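So the structure is just underneath, and the comments pick up after that.
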Amino acid sequence: MANPYIPPPPPAPPVRPAPKWARKRFVLPAIGFAFFLGIGAGADGQNGNSVKSAASEPRPTATVTATATETATATPAPRPTPTVTKTVQVKVKVTVTAQATSGSSSGSGSDSGSDSQSASDTCSIVSNSGNCYSAGQFCRNSDHGASTTDASGTSITCAPSGSRWRWTYS
């Protein structure tokens, strides 16, 4: 008796293009051959014995030139109008009166506003913004070694502190 379980025939392998090594083997030499063939054809006119074709000779070309003409009509310019200026001289006399502040206070402490104003007048060196320096702030390069007073009237000096220059009490 025949075997009822005969396996089906194996499927046919799918049709694939040639492997990459085969493509390289045929395509690259064909490209190289075409390249050298092109060089040989291009070098044909270099030896001077070649036949010149009619296309290689210079021929006259057609040139189109467009010319635009514009005519301008002259219109009279508007006449300048005179400008009238009037000079007025003003004499101003300014009188400034300053009141002297006394060093003694009345004891009530109500004179604290004038003390801060007189203290700011004691600063001989001020910051770029116009404020008095205080101890611990950094010094400008132009202030190295200089002495002044802070806002309260205490003497401070610009001295090196570590690697930086700072205002310190003197």
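The values are calculated or read from the model by the stated rules, or taken from the named source; none is laboratory data. Computed from a prediction, not measured in an experiment: that's the story for all the values here. Backbone-built Cβ (ideal geometry, glycine too); neighbour counts: all protein chains shown.
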Residue check for C123: under 14 Å from W167 (Cα atoms), modelled with pLDDT of 90 or more and surrounded by 11 or more Cβ atoms within 10 Å (Cβ to Cβ):
no
Considering only residues that are part of a strand (DSSP E or B) and small (G, A, S), look in the range 140-170 and name the one that is modelled with the highest pLDDT.
A159
Assess whether S110 counts as being modelled with pLDDT of 90 or more, not in a helix (DSSP H, G or I) and not β-branched (V, I, T).
no
May I ask you to say which residue of Q89, Q99, Q46, Q137 is more than 30 Å from S163 (Cα to Cα) and modelled with pLDDT of 75 or more?
Q89
